[in-house]
Amino acid sequence: MNLAAWLVRAGTYMGDRPALGLGRAVVSDYRDLAGRTARLAGAMRTKLGLRPGDRVALTMSNAPEYVEILFAAWHAGLAAVPVNAKLHPNEFAHILGDSGARAVFMSADLAETVSGLPVETLDHRIAVGSRDYDALFAADPIDLAPVAADDVAWLFYTSGTTGQPKGAMLTHRVLTAMTLNYFADIDTVSPGDCILHAAPMSHGSGLYLLPHVVRGACNVVPESRHFDPAEMFGLMARWPGMAFFAAPTMVKRLVDHHGDVDTTPLKTIVYGGGPMYVADAKAALDRFGPKLVQIYGQGESPMTITFVSREVIADRSHPRWEERLGSVGVAQSVVQVRVADGGDVTLPHGETGEILVRGDSVMTGYWNNPAATESTLAGGWLHTGDMGVMDADGFLTLKDRSKDMIISGGSNIYPREVEEALLRHPGVAEVSVIGRPDPEWGEVVVAYVVPTDGAPDIKELDRYCLDAIARFKRPKDYRIVESLPKNNYGKVLKTQLRARDAADGLAD
Ligand code: AMP
């Protein structure tokens, strides 16, 4: 089944319902949206000359148009490549080139940057809202393109351990499984409900527009296009029945936001993507009541590995309530989850190992990367790279992320990318980057630098980072040291470094 069939159907029998909102305004109903999408799909095929299976990238800040471009790509039998709008131009160029995208849709704020990128495969660079964009809707609508369940619908670029993002192939089957699982485990969606896209639509929030289109609910984008607590509270009364996806740090900022807004009209907050401190989960429950659901997922099994239901989160009387609040919950309905040792043998309850996942929500592999695909999907199980422990009731608690990934403000940062940027500086002999626990951001990036000769200028180190990687990835703290802790093979021991960092923090 083609995912775009959901929008065609919504346009037919729920045509009058609001489909897209911007701030407080409805900008489109489902009849209008389905019509525009079918015409845009026609333009992609006839005017832009795209062929089934071609990739269409979206380098866009959140926008109502995100929905029509995604669905038009599927409608036309193409694969969408949503790209995180906060990335560095080098990272845009890598993803556009690696995916072999033939067309890119750019939001106005990114149009200049993306237009200037040297990407050979790109035949079309279209700024959303431009005259060129509007002209596409003059095309004749086309019928839904036939697709196979295993055709790629969404290339989801995740950071790789090597620092280069890899494209997880999410097929029509994968996203169908994720969508139906939303209704099974996460939330109900009724006519008149909406989802507010305050988190990036290239990631979790955008994935969750699917169940809302299925049910004919409204996809609302805040006028600021991003996460702003005051604005979100203001929109709750305007859009009763609202759900939104938020990283734990966003939930914390909402809780900390002063103001006495009545949150009765709010339906659901789904949080995940990074660790939530138990104290913060309790504070969120106090503020919002039983409206919280936690998910654990990754690009390779989007939004769909485990969950903590709203009932479990709100059940203060349960003897293991706190423990469960600190866990990522139980397996979602469409997947099997187990914890295994290095040989993929399932470990007994209570023992820590790698989390493995199998089911229809798991990607079919990494785009053009058979070696990474083979190791990550070895034996038919997704090797998440996350370490965890399962209790006798099936509740999973994440331990340490193998791979040493840092999650700051809900965004993944791979230390190696930052290390590579810093190592380009002539004054840096060695560097090791770790995450330091932080109550506001979850973790912040800290760089331990061994200088070649005298301490390098911190401002200059920062400039090297800004020249190579996204702003949010640069270290918040630099520590100049004589040497790094290493094992016999010369490999830096990040665990020791983190322990030292924590001890220094206590001493400070
Ligand atoms: P991404 O592929 O960008 O969605 O990042 C996925 C990674 O984020 C996972 O592999 C986990 O390490 C982490 N993650 C996702 N959800 C949670 C959660 N609920 N709690 C803690 N970490 C999480």
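The values are calculated or read from the model by the stated rules, or taken from the named source; none is laboratory data. What you see is a predicted model; the values in this text were computed from it and never measured. Glycine gets a Cβ as well: all are built from the backbone with ideal geometry, and neighbour counts include every protein chain shown. Accessible surface is based on the protein model in full, side chains and every heavy atom, while ligands, DNA and RNA are left aside. Shrake-Rupley method; radii C 1.70, N 1.55, O 1.52, S 1.80 Å.
Heavy-atom accessible surface of HIS124, to the nearest 10 Å², is about 50 Å², with a 1.4 Å probe and all protein chains retained.
Surface calculation, 1.4 Å probe, protein heavy atoms: TRP381 sits at approximately 30 Å² accessible. Report the one residue of SER190, ILE269, GLY297 whose Cα lies farthest in the direction of the positive end of the charge dipole of the chain (charges on C-beta: Lys and Arg +1, Asp and Glu -1; origin at the Cα centre). Of the candidates, SER190 comes out farthest on the positive side.
Think of the chain as having a plus end and a minus end, set by charges on the Cβ of Lys, Arg, Asp and Glu; of GLY11, SER115, GLY241, GLY11 sits farthest toward the positive end of this dipole.
The label point for TRP321 and the one for ASP140, both projected 7 Å from the Cα toward the Cβ, are 6.4 nm apart. Once the Kirkwood radius over Cα pairs is known for region 321-360, the Stokes-Einstein relation at 25 °C and 0.890 mPa s delivers a diffusion coefficient of 217 µm²/s. Taking region 249-270 and a reference point 7 angstrom along Cα→Cβ of LYS476, the backbone N atoms nearer than 12 Å belong to 249.
In a simple Cβ point-charge model (Lys, Arg +1; Asp, Glu -1; nothing else charged), region 72-164 has a dipole of about 200 debye relative to its Cα centre. If you take the Cα centroid of region 356-389 and the Cα centroid of region 44-74, the two points sit 27 Å apart. Per-residue 3J(HN,Hα) values for region 102-110, derived from phi via the Karplus relation 6.51 cos²θ - 1.76 cosθ + 1.60 with θ = phi - 60°, read 9, 9, 10, 9, 10, 6, 3, 5, 10 Hz in sequence order (x marks Gly and Pro).
What does the highest-first list of 136-147, 285-296, 181-192 look like by mean Cβ count within 10 Å? Mind showing how you got there, number by number?
Details: 136-147: 15.8, 285-296: 19.2, 181-192: 17.4.
Those peptides, ordered most packed to least, come out 285-296, 181-192, 136-147.
Axis angle, to the nearest 10 degrees, between helix 229-238 and the longest C-alpha principal axis of the chain: 30 degrees. Whole-Hz Karplus values for region 192-203 come out as x, 6, 8, 10, 9, 8, 9, 8, x, 6, 6, 10 Hz, taken residue by residue from phi with 6.51 cos²θ - 1.76 cosθ + 1.60 and θ = phi - 60°; glycine and proline positions read x.
Of all DSSP-defined beta bridges confined to the chain, some 60% are antiparallel rather than parallel. Dividing the summed helix terms, -39500 (n - 2.57) for each DSSP H run of n ≥ 4, by the number of residues in the chain produces a 222 nm estimate of -9000 deg cm²/dmol to the nearest 500. To the nearest 10 degrees, how steep is helix 89-99 against the longest Cα principal axis of the chain, on a 0 to 90 scale? That works out to roughly 60 degrees.
Scanning the chain for cysteines with no neighbouring cysteine C-beta under 4.7 angstrom from their C-beta gives CYS465.
Applying D = kT/(6 pi eta Rh) to region 5-389, where Rh is the Kirkwood radius over alpha-carbon pairs, T corresponds to 10 °C and eta to 1.306 mPa s, the Stokes-Einstein value obtained is 74 µm²/s. For region 74-223, DSSP calls about 45 percent of its internal beta bridges antiparallel.
What size of dipole, in debye to the nearest 20, comes out for region 5-389 about its Cα centre when the only charges are +1 on Lys and Arg C-beta atoms and -1 on Asp and Glu C-beta atoms? The partial results should precede the final answer.
Working: 31 positive and 41 negative charges, 120 e Å.
So the dipole magnitude of region 5-389 works out to roughly 580 debye.
About its Cα centre, the dipole of region 341-449 is roughly 280 debye, where the only charges are +1 on Lys and Arg Cβ and -1 on Asp and Glu Cβ. For the pair THR352 and ALA378 in one chain, pulling the backbone fully straight at 0.36 nm per residue adds 7.4 nm over the alpha carbon distance.
In this structure the chain gives 40 Å² per residue of accessible area when probed at 1.4 Å with all protein chains present.
Please report, as a whole percent, how much of the solvent-accessible surface of the chain comes from carbon and sulfur atoms (probe radius 1.4 Å).
Values: 10450 of 20330 Å².
Accessible surface attributable to carbon and sulfur in the chain totals 51 percent.
Quick one: which of LYS459/LYS486; LYS459/LYS494; LYS252/LYS399; LYS267/LYS291 span more than 18 angstrom between C-alpha atoms? Where the Cα-Cα span goes over 18 Å, the pairs concerned are LYS459/LYS486; LYS459/LYS494; LYS252/LYS399.
For region 419-508, the fraction of C-alpha pairs more than 16 angstrom apart is 54%. Farthest towards the positive end of the charge dipole of the chain, among the residues ILE95, THR59, VAL27, is the Cα of VAL27, using unit charges on the Cβ of Lys, Arg, Asp and Glu. So for region 146-230, what percent of the C-alpha to C-alpha distances run longer than 22 Å? It works out to 38 percent of all Cα pairs.
Using the alpha-carbon atoms, what tilt in degrees (0 to 90, nearest 10) does helix 494-507 show relative to the longest principal axis of the chain? That helix lies at roughly 70 degrees to the long axis.
So, by mean Cβ neighbours within 10 angstrom, what's the order for 405-412, 333-340, 464-471, 208-215 with the highest one leading?
208-215, 405-412, 333-340, 464-471
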